[in-house]
1. Taking 8 Å as the Cα distance limit and 6 or more residues as the minimum spacing, I'd like the relative contact order of the stretch 22-194 as a percentage.
2. In percent, how large is the relative contact order of the stretch 60-130, given Cα pairs closer than 8 Å and 6 or more residues apart?
3. What's the ranking of 51-64, 17-30, 161-174, 97-110 by average number of surrounding C-beta atoms within 10 Å, highest first?
4. Determine the equivalent ellipsoid of the chain by diagonalising the alpha-carbon gyration tensor, then write out the semi-axes as square roots of 5 times the eigenvalues, largest first, rounded to whole Å.
5. I want to verify a result. In a Gaussian network model of the chain, Cα cutoff 10 Å, which of these has the top mean-square fluctuation: 149, 184, 120?
6. Gap in Å between the Cα centre of the stretch 86-133 and the Cα centre of the stretch 27-48?
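Derivation of every value follows stated rules applied to the coordinates shown; laboratory data play no part. Everything numeric here is computed off the predicted structure, so don't read it as measured data. Reconstructed Cβ throughout: ideal geometry from the backbone, glycine too, with neighbour counts over all protein chains shown.
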Amino acid sequence: MKDVPYTFQLEPPDFIPSTYDNHIQRRLSAMRGQYADEAALAQMLEQEDTLLYDVYELRRPEIAGEILHGISIVHPGKVGDEYFMTKGHFHSVLETAEIYYCLKGQGVMVMETPEGEWAVEALYPGRVLYVLPRWAHRSVNTGCEEDLVTFFAYPGNAGHDYGTIETHGFRKLVVERDGQMAIVDNPRWQPPSSRA
C-alpha cells in the first residue's frame, strides 16, 4: 500500500494493472449454489475447477475518505445456459454506491435492492455504470470468447456482504436462449416476505 500519490497503467489487451496489491481468483467451486443448473456445475467440477474471474486490487485503508479500486476480469463461458458471473454483493454499509467503467468485452450488471427493485444494464467498452446505494450488483460476461474487464471504485468503508446473495441469490438470471442473451426469473430466489 502506497503512502504517497501514485499512478498505474491499464494496458490493452488484458488491462491488468501495472502494479497491484492483491490478486483474487474465483473458481467454479466457490460458486456452488449460485447457478441454477447444479447438475451442470457438478459435471463441470468433475472435469476442472474452472477459473471464472480475477480481481486485481490496489489496497487502501478501509475507512471513510479513501476510495478502494481495481480491475475485475470475468472470463467467457457458461454453466448450463447461464453465463459466467461474479458472486455479487451488497455493501455492508448499504447506503454505499460504486462506479464501474468497462474497458473490454460485452456483458451486463445485474442489480437489485432489498425492497424488490431490479435492473440489468449493458456493459461495453467506454460505458460507465453508477451503481446506486442499496443496490446489490453482479457482473456477467455475455461474450462468447472475450473477457469482460471493468475498472471499479467505491468508498473505503463500504465493506462487502456476500452472504445475502449466497443465501438468497439474485431475482434475475442471465442465460443464453437460442443464441441470444435473455433475462429470466430465478426459480430459486425467495421474496423478502418468505425469508427467514
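1. On the way: 418 pairs, mean separation 43.5, N = 173.
Result for the stretch 22-194 is 25 percent.
2. Once normalised by length, the contact order is 23 percent.
3. Packing proxy ranking, top to bottom: 97-110, 161-174, 51-64, 17-30.
4. Numbers: eigenvalues 138, 87, 48 Å².
Square roots of five times the eigenvalues give 26, 21, 16 Å.
5. Looking only at 149, 184, 120, the biggest GNM fluctuation is shown by 184.
6. Cα centroid of the stretch 27-48 versus Cα centroid of the stretch 86-133: 24 Å apart.
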